[in-house]
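Heads up, the thing below is written out as structure tokens.
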Amino acid sequence: MMDASGSSAQANKTMRGIGSSHSFGLAAGVSGKRLALLGLALIALPAWASSAPPDVPKYSVTFDAQLTHADVRLCLDRAHAQVEFAPDSARAMRFLSAMRRSSTGDLQVVGGSWLARDWAAGECVAYTADLAAIVDQGSDAGKRYGKNLVTDPQQWLVRASAQGASGAEATMELPEGWSISAPWRELSRNGTSIRFKIPDTPQDWSASLVLGEFEQTRIDLPGGAVRVALLNGKGGEQARLAEWLRIEAQALLGTYGRLPVADVQIWLVSVDSASLAKRYAGMIEPGAVLGGESARGQGNALQLDVDPSRPAQEFVEDWTAIHELSHLLHPYLGDRGSWLSEGLATYYQNVLRARGALLSPEQAWERLASGFQRSEGGPYPQSLEQAAANMGQSPAFQRVYWSGAAYWLGVDVDLRRATRGKITLDTALAAFRGCCLPAYREWKPEEFVAKLDGLAGVHTFTRQYHRFAAMKRFPDWRATLARLGVNGSQDALTFGADAPDACIREAITAARIDVANAPDQRDGSAPQTGVSGIRPHCLPQ
Ligand SMILES: [Zn+2]
């Protein structure tokens, strides 16, 4: 869930713990990898900046039947004065062997990369990657689940410095009976040969390529598809979990009727939560969803640790999947902007479940009120922005997530009040999808809110952004909720029909009808979807 910490930049991680619906583990600081790569990029820059236009590198990959090794061939269409080939860390070079050029030109090891001068159009490099050694690391870079392998492809598909913004292509020849789950977009398929487009994203954004004998379910929705793979499940579990994620992904359409991005990789790891709870006594409770992580390397992906043996109702009641899916609505905003990104997912995890009838409106407001109440504190020595930037080192999660949720709630209410419901957070994000998603680079938080203002023709996002970023106390959520007609404490909330913003409250959590059948709107505007549960006088005039 975390939008910036974890073992590599750009992962959002969640681990479930005891005592609250939010708890966070696995939060290492930003990795040194990111800084190291920055250095590499600076060295590489003059090489390709001075040569031919960027290339679309083409990988061809074959595997041995046991999936212990991959033979990789990488070709470039154009000539270049020089090209560097590098995995995402210098350490990963040890997994690659027999690196050679298709021509007689030389190939030198320089720092963490191979350097080829006088590169001719159509030339290739070829090498062998030791997949078994990569997965035996047992880290985010490589892991084994039974017979299935998970690797970060950036560990072994070397990046060519000549690659441009259009990314790369890969043709994967799978052994008979094997499946692949990748964040990439599938272009074509011919028997066991599958051709993919690999988006060009920063090399320190983590990605997961899953290879092995598993089922994959494609769920088509307006605007794209999510692909669900359960790595180590038993018979029947795949279908049940895919159906659960279809409902969750459909709830995400409660924003603007379409998936935010066209391709989403979802891979599930089956865990036995009861035995984990025993082993980590007091840290973990048995439950349907034990953790979640979203990643943006080479495309959009999310990973969930699930316990298929838990009752179906626990899956429906869990917020993790819709939280992670909500991260698809925004670009990566860096550590400093994590209060915005986590706040958005925290706000939507509740209102989208109400819109998708997974919660009643009253339950959604109760979750929001209790989240705010649980998290309020202060005054704090650090501003919200400072706390967000340092979240990996401090226990500021609750404050950061829920202050952020209060920001988005406040902005949504302000927009709806000022425009009588014509402009909302949903319509602004729909326009953002139209212009700017998928986002394959980091956005500064100021840039994101300014874009939303520009698209919606307002100043609300930026004005409130500056106010919240500087805040050294918890935001005044009680006043906002009171205007919405939500009063009382978390155990005994009352809902006033005559409060000044009562109609806005009803509109925010009203069930959306027919979101799954919304028309495909290429301009990114919100499709016309019906709502239910709003009193007639509250409907937009
Ligand atoms: Zn999150």
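The values are calculated or read from the model by the stated rules, or taken from the named source; none is laboratory data. Quick caveat, the model's predicted, so the values are computed rather than measured. Backbone-built Cβ (ideal geometry, glycine too); neighbour counts: all protein chains shown.
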For Pro260, indicate whether it is part of a loop (DSSP other than H, G, I, E, B), of a type outside the set (S, T, N, Q) and away from the ligand (no atom under 15 Å from the Cβ).
no
Kindly indicate the residue of the stretch 271-306 that is surrounded by 19 or more Cβ atoms within 10 Å (Cβ to Cβ) and polar (S, T, N, Q) and also nearest to Pro87 (Cα to Cα) among those meeting that condition.
Gln298
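Looking for something more than 24 Å from Asp220 (Cβ to Cβ) and assigned to a strand (DSSP E or B) - is there at least one such residue anywhere in the stretch 272-287?
So the first thing to find is which residues in the stretch 272-287 are more than 24 Å from Asp220 (Cβ to Cβ), and the list is 272-287.
Retained after the next criterion (residues that are assigned to a strand (DSSP E or B)): none.
Checked the stretch 272-287: no residue is more than 24 Å from Asp220 (Cβ to Cβ) and assigned to a strand (DSSP E or B).
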Please verify whether the stretch 351-361 includes one or more residues that are within 15 Å of the ligand (Cβ to nearest atom), in a helix (DSSP H, G or I) and under 18 Å from the mean Cα position of the chain (by Cα).
yes
Pairs only if they're at least six apart or on different chains, beta carbon under 6 angstrom, first in the stretch 435-446 and of a type in the set (A, V, I, L, M, F, W, C), second in a loop (DSSP other than H, G, I, E, B); list them, first residue then second.
Leu437/Pro260; Leu437/Val261; Ala439/Pro331; Trp443/Pro331; Trp443/Leu333
Here is a list: Leu493, Leu429, Leu481, Leu455. Which entry is in the same structural domain as Arg416 (by TED's automatic domain parsing), among the hydrophobic types (A, V, I, L, M, F, W, C), touching a residue at least 12 places away in the same chain (Cβ under 8 Å) and not in a helix (DSSP H, G or I)?
Leu493
Suppose we keep only residues that are free of Cβ contacts under 8 Å to residues at least 60 places away in the same chain and part of a helix (DSSP H, G or I) within the stretch 299-345. Which one would you say is nearest to the ligand (Cβ to nearest atom)?
Glu317
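Take the conditions buried (at least 16 other Cβ atoms within 10 Å of the Cβ), away from the ligand (no atom under 16 Å from the Cβ) and more than 29 Å from Ala165 (Cβ to Cβ) and apply them to Trp267. Does it pass? Explain how you work it out, then say what you get.
Details: buried (at least 16 other Cβ atoms within 10 Å of the Cβ): yes; away from the ligand (no atom under 16 Å from the Cβ): yes; more than 29 Å from Ala165 (Cβ to Cβ): no.
Judged against the criteria, Trp267 is not a match.
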Filter result for the condition that a residue is modelled with pLDDT of 90 or more and away from the ligand (no atom under 16 Å from the Cβ), over Gly292, Gly224, Gly282, Gly233:
Gly224
Within the group Leu96, Leu107, which residue is closer than 23 Å to Pro202 by Cβ and not hydroxyl-bearing (Ser, Thr, Tyr)?
Leu96
Picked from the stretch 465-493 (must be of a type in the set (D, E, K, R) and within 26 Å of Gln386 (Cβ to Cβ)), the residue nearest to the chain's Cα centre (by Cα) is Arg467
When you scan the stretch 184-216, how many residues do you find that are touching a strand residue (DSSP E or B) at 6+ places or on another chain (Cβ under 8 Å) and either charged (D, E, K, R) or surrounded by fewer than 18 Cβ atoms within 10 Å (Cβ to Cβ) (or both)?
13
Among strands (runs of 3 or more DSSP E) completely within the stretch 88-204, the ones holding 1 or more residues that are over 30 Å from the mean Cα position of the chain (by Cα) and outside the structural domain of Leu333 (by TED's automatic domain parsing) are 96-101, 107-110, 113-119, 124-130
